[in-house]
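Some notes on the structure that comes next.
The values are calculated or read from the model by the stated rules, or taken from the named source; none is laboratory data. All of these numbers come straight from a predicted model, not from anything done at the bench. A quick note on method: Cβ atoms are made from the backbone with ideal geometry, for glycine too, and the neighbour counts reach across all protein chains shown.
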Amino acid sequence: MSRNNTWVFAAGMLVPLLGIGLHLHIASKAEGGWSAFTFGLLAWSTLPYVLCLVLASVGRRPLHAVVAALCCLGLDIVTYRSVFVSPSSSTAALGLLFSPLANLLVMAPLGFLATALIVRLRRAKTQ
C-alpha cells in the first residue's frame, strides 16, 4: 500500500467513525435515557457511516467512501446545529429522522459521483 493509499485508508476509517460518534452523542441526549426508539434511531442514523466504513475498508475506491462520509457528516452537522444549537421551530427535531434518509439517497451518492467525476477528469488531464 502506497503512502497516499495509507492516508486515504486512515481517513476512510476516521471520517465515518466521527459520524458514528456524533450520532452516539445525539442518542445520549435523548430524554428518558436509552430506549428501543433511541437504539433504532441510532442504527438508522449510523447506517450511512457503517456503509462508508465497509466500502473504505474493503472497497476498491476508499477515496469515494471518504468523500461520501464527509458529505453525510456535513449534513449531520447542519442538522445537529438546527436541532440542538439554534432550533428555529418546535419541529426541528424531525430533521433527526429524515437526515439519515437524505444521507443514504442524496449525500452519499453525491459524494461518490463527485469523487468519480473529479478522479476521471484528473486522469484525463494527465494523459
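Some observations on this one:
- Scope the stretch 20-57; condition assigned to a loop (DSSP other than H, G, I, E, B) and either modelled with pLDDT of 95 or more or of a type in the set (S, T, N, Q) (or both); matching residues: Ser35
- Residue check for Pro62: in contact with a Phe, Trp or Tyr (Cβ under 6 Å, 6 or more places away or on another chain), in contact (Cβ under 8 Å) with a residue 40 or more places away in the chain and within 14 Å of His23 (Cβ to Cβ): no
- The stretch 53-66, subset surrounded by 23 or more Cβ atoms within 10 Å (Cβ to Cβ) and not small (Gly, Ala, Ser), residue farthest from Trp7 (Cα to Cα): His64
- Number of positions in the stretch 23-34 that are over 18 Å from the mean Cα position of the chain (by Cα) and exposed (fewer than 12 other Cβ atoms within 10 Å of the Cβ): 6
- Residue that is surrounded by the fewest Cβ atoms within 10 Å (Cβ to Cβ), among those in the stretch 35-52 that are of a type in the set (S, T, N, Q) and over 12 Å from the mean Cα position of the chain (by Cα): Ser35
- Screening the candidates Phe98, Phe112, Phe84 for the property of being among the aromatic types (Phe, Trp, Tyr), surrounded by 11 or more Cβ atoms within 10 Å (Cβ to Cβ), assigned to a helix (DSSP H, G or I) and under 15 Å from the mean Cα position of the chain (by Cα) yields one hit, Phe112.
- Within the stretch 15-28, residues that are touching a residue at least 24 places away in the same chain (Cβ under 8 Å) sit with their Cβ atoms under 8 Å from residues that are charged (D, E, K, R), at 6+ positions apart or across chains, in these pairs: Gly19/Asp76; Leu22/Asp76; His23/Asp76.
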